[in-house]
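The values are calculated or read from the model by the stated rules, or taken from the named source; none is laboratory data. It should be emphasised that the depicted structure is a prediction, and the values quoted were computed from it without experimental measurement. Here the Cβ positions follow ideal geometry from the backbone for every residue, glycine too, while neighbour counts run over all protein chains shown.
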Amino acid sequence: MIKVRSDEPEYAYLWDKETKEKNRYGQDIELTKEGDELCNKSLNINGDTAIGDNPNRNKQHGFFLNADNCIGCHACEAACSEKNDNPAHIAFRSVGFVEGGTYPDYQRLNISMACNHCDDPVCLKGCPTRAYTKFTEYGAVLQDPDICFGCGYCTWVCPYNAPQLDPVKGEVSKCNMCVDRLEVGLKPACVSACLGNALDFGVIENIPKNRDQAITDIPGFPSTDITHPNIRFQQKKQNHREMTRTDSMPLKYHKDDNAGKYKPVVDAKMGQEKYWNLRSLLTSHESAHVMFTLFTQATVGAFLMLILGPVFGWAGFDLLQEYSLHMSLVTTIFVLSTIGLYKLNMHLGKPHRFYRGFNNLRLSPVSREIAGVSMFYTGLLGYAFFALFDNAFMGFFADIFAYLAVVSGPIGLYFMYKLYRIPARPFWDHLQTGTAFLGATLSLGALIIAAVSLTVLPLSALTELIPSLAMLMTLGLLIEAIGHIVHARDMQVAENEGAASYYRQTTQYGKSYLLRNALLAVSLGLAGLISLTGLSGATGLVTAGLLATALVIMAAFGRSLFFVLVIPTTMPGAFFWKNNGFVEHARETGLAEAQQVGVVYERHHAFKLGELMQTIKENSLNDMLEHVKWIFGKK
């Protein structure tokens, strides 16, 4: 337990006496029942087994922000970071703002935000390692960085920027509600440090002294329907009908008089000119996910066609039973699948802890995806080994592994789709995610089989197989095209961040988007033509080469756009902090190398390599070896 100072001011103490039974979402505020074994358990803070004497210890607590009083001094940020010893690039609490009007009727609305310790914490459900726990003590949602392996999925699903992925440590951490202070009757550090008496804390639904409002909707705050957050606001000053963000997000908030709420709409601050932006598109932080999803979908599709095509008697697929072609296909599928898994694993902050991804099969779609894809890979590996022997005895075991892969592959792809249906990311939360994934499975899977077949066998021997594969490509591309058309139609009229993503798609990445669409049309046309006429001679090989090139480039551009365009239902950032525009500027100009700026390159291995070289020059051999161990431990 921490020691309470003798001169602790009165406002730093918890003030709740009477509390309500239910919150506004209909949930019990008391989180335990009489006789519950979870009552009166120690939180073991700093190894201390003592138990706090707060009578409301097992009730849901939450923050209260009087937005009218917040002056944007960032004292809450500083107090939080100091208490938690956070580096400059990590802040559990941050103050963003929106603004409206013009001089002299200008308004700035500051919003101080940290973890809201939600009733329905999506971070807990999404985390594959079970690093999150919602405690009955104070209703705190706590996260253990030591368990986290740095996948960052919780940062995707949280609407409030609460989990912070540290690219240097390779792990996530977040606000812990200062439960050590609560245990001795003190409010969290951020609340105690607030200069304007804007931030308060207590049992949820209790309104602090001298406050008479407790609302959940203010401009810039995401919908409470996603997680049921435990934060309440007072904001009685009249807002302008339109409130804008000062960060780089093309969003503003317009008042809907019928609903009485502010809704996000597009702020066309980048104009209407179209750009390529190839560098940020093709070398984004999510490039590993681009490769993993495409390679996995392609290899699952190819293996399903390889095994099931002959079973169902598809025209020309019996040719795939020929040993040299069959093993060439199996080898190619295995190599591509291995590359995809390798890229995904190395994307983790702690790649050597990959096995923790199976920890949350009960709740996390990420764990289920990992399990499905891993089972597919195991089946593929086993099949590749036993199929080498080409005899009946080994064929029995090969069949077992083949059907393991045939069953688990689609399961892995289904949960791959489910994990991207994130309400906090409206651009992804659409059926188009499924059509894109299914389309890639069919078109790229057929492409793998066609490419290997043309390499191993002469074109004249593939007169039945090629049209069948082209038909599967056509079907996949048609599914993907229909999904894109419906998605574009829905995003244009969406009343959420999806509309802003679509705006970026047609402007910031407009030329890349048009290229993707053109290549999709070309691929669809060529695949359809080949499915009807087949291939023959040199002209046929040129046509096949054009189709393969167009399809691969289209897939790479399309999947890269999928990742870079998404805009989460995130809190508005300040001019510098959590502003993607400033982050990009800092990296381009070298400002990011200054620690006080609060920007850290995601490619942190380069930093550690630089530290290693400096150690070689300045320090002892033992220190150098410690840095080597650190690098190989982090991968």
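Within the bounds of region 368-376, is there any residue that is surrounded by fewer than 22 Cβ atoms within 10 Å (Cβ to Cβ), among the small types (Gly, Ala, Ser) and over 28 Å from residue 557 (Cβ atoms)? Yes, because at least one residue in region 368-376 is surrounded by fewer than 22 Cβ atoms within 10 Å (Cβ to Cβ), among the small types (Gly, Ala, Ser) and over 28 Å from residue 557 (Cβ atoms). Being more than 24 Å from residue 562 (Cβ to Cβ), aliphatic (A, V, I, L, M) and surrounded by fewer than 20 Cβ atoms within 10 Å (Cβ to Cβ) is true of residue 459.
Screening residue 285 with (1) modelled with pLDDT under 90; (2) farther than 21 Å from residue 109 by Cβ; (3) touching an Asp or Glu at 6+ places or on another chain (Cβ under 7 Å); (4) assigned by TED's automatic domain parsing to the domain that holds residue 2 gives one miss only, at (4). The set of residues from region 143-167 being within 25 Å of residue 190 (Cα to Cα), of a type in the set (A, V, I, L, M) and part of a loop (DSSP other than H, G, I, E, B) comprises just one member, 162.
Number of residues in region 430-444 that are touching a residue at least 60 places away in the same chain (Cβ under 8 Å), small (Gly, Ala, Ser) and out of contact with any Leu (no Cβ under 7 Å at 6 or more places or on another chain) equals 1.
For residues that are polar (S, T, N, Q) and modelled with pLDDT of 80 or more, scanning just region 557-579, find the one that is nearest to residue 282 (Cα to Cα). By that ranking, first place goes to 560. Would you check if there is a residue in region 78-91 being among the hydroxyl-bearing types (Ser, Thr, Tyr), out of contact with any Phe, Trp or Tyr (no Cβ under 9 Å at 6 or more places or on another chain) and either crowded, with 17+ Cβ neighbours inside 10 Å or not assigned by TED's automatic domain parsing to the domain that holds residue 244 (or both)? Within region 78-91, none of the residues are among the hydroxyl-bearing types (Ser, Thr, Tyr), out of contact with any Phe, Trp or Tyr (no Cβ under 9 Å at 6 or more places or on another chain) and either crowded, with 17+ Cβ neighbours inside 10 Å or not assigned by TED's automatic domain parsing to the domain that holds residue 244 (or both).
Could you look through region 167-202, keep only residues that are touching a strand residue (DSSP E or B) at 6+ places or on another chain (Cβ under 8 Å) and aliphatic (A, V, I, L, M), and pick out the one that is surrounded by the fewest Cβ atoms within 10 Å (Cβ to Cβ)? Selected residue: 179. If the condition is being under 19 Å from the mean Cα position of the chain (by Cα), assigned to a loop (DSSP other than H, G, I, E, B) and either of a type in the set (A, V, I, L, M, F, W, C) or modelled with pLDDT under 90 (or both), then region 96-139 contributes 114, 115, 118, 127, 131.
Residue-wise test of (1) touching a helix residue (DSSP H, G or I) at 6+ places or on another chain (Cβ under 8 Å); (2) closer than 30 Å to residue 264 by Cα; (3) acidic (Asp, Glu).
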site	(1), (2), (3)
449	yes, no, no
464	yes, no, yes
471	yes, no, no
474	yes, no, no
482	yes, yes, no
487	yes, yes, no
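Pairing residues of region 526-539 that are on the phi < 0 side of the Ramachandran plot and touching a residue at least 24 places away in the same chain (Cβ under 8 Å) with residues that are small (Gly, Ala, Ser) and surrounded by 13 or more Cβ atoms within 10 Å (Cβ to Cβ), at Cβ distances under 6 Å and at least 6 apart in sequence or on separate chains, gives 527/470; 530/470; 531/470; 535/544. On the stretch given as region 457-487, residues that are touching a Ser or Thr at 6+ places or on another chain (Cβ under 6 Å) and polar (S, T, N, Q) total 1.
Before we move on, is residue 523 more than 29 Å from the chain's Cα centre (by Cα) and at pLDDT 90 or above? Yes: the conditions hold for residue 523. So, residue 345, is that one of a type outside the set (Phe, Trp, Tyr), under 21 Å from residue 420 (Cα atoms) and without any contact (Cβ under 8 Å) to a residue 40 or more places away in the chain or not? Yes: the conditions hold for residue 345. Residues in region 302-312: is at least one outside any helix (DSSP H, G or I), surrounded by fewer than 16 Cβ atoms within 10 Å (Cβ to Cβ) and of a type outside the set (A, V, I, L, M)? No: zero hits. Being in contact with a strand residue (DSSP E or B) (Cβ under 7 Å, 6 or more places away or on another chain) and not polar (S, T, N, Q) holds for only one residue in 47, 26, 52, 72, and it is 72. Residue count for region 251-270 satisfying the condition of being in a loop (DSSP other than H, G, I, E, B), touching a residue at least 24 places away in the same chain (Cβ under 8 Å) and either polar (S, T, N, Q) or surrounded by 17 or more Cβ atoms within 10 Å (Cβ to Cβ) (or both): 1. All conditions in (1) touching a residue at least 60 places away in the same chain (Cβ under 8 Å); (2) surrounded by fewer than 20 Cβ atoms within 10 Å (Cβ to Cβ) hold for residue 475, with the sole exception of (1). Put simply, of 228, 240 the only residue that is touching an Asp or Glu at 6+ places or on another chain (Cβ under 9 Å), on the phi > 0 side of the Ramachandran plot and either polar (S, T, N, Q) or in a loop (DSSP other than H, G, I, E, B) (or both) is 228.
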